[in-house]
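Structure record follows, encoded as structure tokens.
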Amino acid sequence: MHDSSSATMSHGLAGPVLSAVGAPVRATARRHLLSIDDLYDAELDRIVRRGAEFADGRCDDERPLRDLVVGVLFRETSTRTRTAFAVGALRLGAQLVSYGAADLQENTGETVADTGRVLSRMLDVLVARTAGPEEELRAYAAQERMAVVNAMSAGEHPTQALTDLTTLLRHFGRLAGLRVLYVGEGNNTASALALALSRYPGTELHLRTPRGYGVQPQYLERAADHAARAGSTVEQRHTMERLPEVDVVYTTRWQTTGTTKPDPHWREVFAPYRVDSAVMTANPGAVFMHDLPAHRGEEVTAEVLDGPRSLAFDQAENKYHSARAVLEWCAGAAR
Ligand code: CP
């Protein structure tokens with residue numbers, strides 16, 4: 001990790017924000033979280049650790065977002081992320097406005113940028129799942145009052161990566177040096193994990209993805225830059241032969257939310273990438289992680305998902321703890 005001094009820099013949002021003690025703080029305190037790469041190393045690490053603090057009940061101010069209003073806009077289905085941010089905002093003292101896929105005038109042709117400008121006059125933070133390109137979220141963010149959180153776009157799922165790192169930190173007590181085997185589709189969860197884990201020295205991320213379904217090159221290139229700087233490793237192969245020894249085996253649903261696969265035979269391509277007891281037996285010291293939702297018998301067997309080495313449901317709970325850390329940071333209420 002490096003660049004701790006730059007972590008004090010703001011991302012330039014203006015607007016009145018209340019500090020944890022109710023006094024005005026600097027007008028540039030609000031910050032967007034659209035990509036893991038919006039965070040300096042120290043900011044990333046702070047949010048990850050703060051998520052663990054929330055999980056352990058270590059929070060000095062119970063309501064740092066009091067007097068703020070958080071909007072939660074989900075154009076795609078969600079169980080964990082939507083609930084985590086909604087409950088997180090309420091628990092931190094904010095008021096909540098919730099929008100579903102058909103609620104806004106975007107459906108009648110209003111632009112995303114105009115929607116963002118209008119919402120920013122009334123909301124302090126917008127948590128949005130578009131499942132479209134990141135540019136849509138950047139259009140919401142093209143205003144100076146409201147922080148925008150990416151709750152999953154087509155390319156990246158940054159709040160999942162923050163949850164995952166908090167889960168790893170809580171389980172292992174450290175992040176440096178951890179070795180992760182990621183098996184399955186190289187989707188937005190995988191790209192965010194690559195961008196985040198590669199910031200930590202000595203970590204290894206081994207991606208085993210079906211050919212044609214790997215992590216997109218632009219994310220691998222950015223992760224490789226982080227890895228070169230941090231002394232970590234990110235590598236992708238399209239085979240399940242010669243799996244490395246790791247601390248964590250991670251998989252994800254084969255049908256990523258909001259996507260379809262044009263190849264009618266895609267299940268045959270994915271079949272070798274199922275995480276079963278053989279994969280776990282080859283890694284006797286490893287825990288299992290899954291971002292959920294899961295399809296038992298598809299990307300993972302029930303024996304593994306529901307087995308004693310699975311952290312998947314702790315990981316789901318950690319989304320709530322991590323969401324509070326994200327909201328606190330984006331609202332400018334983090335200490
Ligand atoms: N992992 C995840 O993002 O879950 P949801 O789609 O239920 O929010």
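Quick note: the coordinates plus some simple rules give every number you see, no bench work behind them. Bear in mind that the values here come from a model prediction, so they are computed numbers and not experimental data. Positions of Cβ are generated from backbone atoms using ideal geometry, with glycine treated the same way; all protein chains shown enter the neighbour counts.
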Inset, instruction - Kindly express, to the nearest 10 degrees and within the range 0 to 90, the angle between helix 158-172's C-alpha long axis and the longest C-alpha principal axis of the chain. - result: 60
Inset, instruction - Could you pull the Rg and Dmax for the range 158-315, using just the Cα atoms, both in Å? - result: 14.4, 43
Legend entry - On Cα atoms only, tilt of 80-91 relative to the major axis of the chain in degrees: 30
Inset, instruction - Quickly estimate the mean residue ellipticity at 222 nm for the chain, helices only: each DSSP H run with n ≥ 4 gives -39500 (n - 2.57), and the total goes over all residues, rounded to 500. - result: -10000 deg cm²/dmol
Legend entry - Sparse-neighbourhood loop sites, trypsin sites (Lys or Arg not before Pro) in the range 179-252 - DSSP loop, at most 10 other Cβ within 10 angstrom: 211, 242
Inset, instruction - Stick to Cα atoms and the Kirkwood definition of Rh, then tell me Rg/Rh for the range 27-161. - result: 0.95
Inset, instruction - Would you look at the GNM of the chain, springs on alpha carbons closer than 10 Å, and say which of 71, 307, 116 moves the most? - result: 307
Legend entry - Cα lying deepest toward the dipole's positive end in the chain, options 169, 287, 249, charges on Cβ: 169
Inset, instruction - Ratio to report: Rg/Rh of the range 178-218, with Cα atoms as the point set and Rh obtained by the Kirkwood method; give two decimals. - result: 0.95
Legend entry - Selection of GluC sites (Glu not before Pro), the range 217-255, meeting DSSP coil and at most 14 other Cβ within 10 Å: 241, 245
Legend entry - Kirkwood Rh (inverse of mean 1/r, distinct Cα pairs), the range 179-248, angstrom: 11.7
Inset, instruction - Write out the GluC sites (Glu not before Pro) in the range 26-112 meeting two conditions: DSSP loop, and at most 13 other Cβ atoms within 10 Å of their Cβ. - result: 62, 110
Legend entry - Cβ-based net charge around residue 212, under 15 Å, with every Lys or Arg adding one and every Asp or Glu removing one: +2
Inset, instruction - Express the relative contact order of the range 272-335 as a whole percentage, based on alpha carbon pairs under 8 Å and six or more residues apart in sequence. - result: 32
Legend entry - Among beta bridges that DSSP assigns inside the chain, antiparallel share in %, nearest 5: 5
Legend entry - Computed over the chain: relative contact order in percent, which uses C-alpha pairs under 8 Å that are six or more apart: 21
Inset, instruction - Using a cut-off of 10 Å between beta-carbons, work out the net charge of the residues near residue 168 (Lys and Arg +1, Asp and Glu -1, residue 168 not included). - result: 0
Legend entry - Mean projected area (nm²) of the alpha-carbon convex hull when the chain is viewed from all directions: 16.0
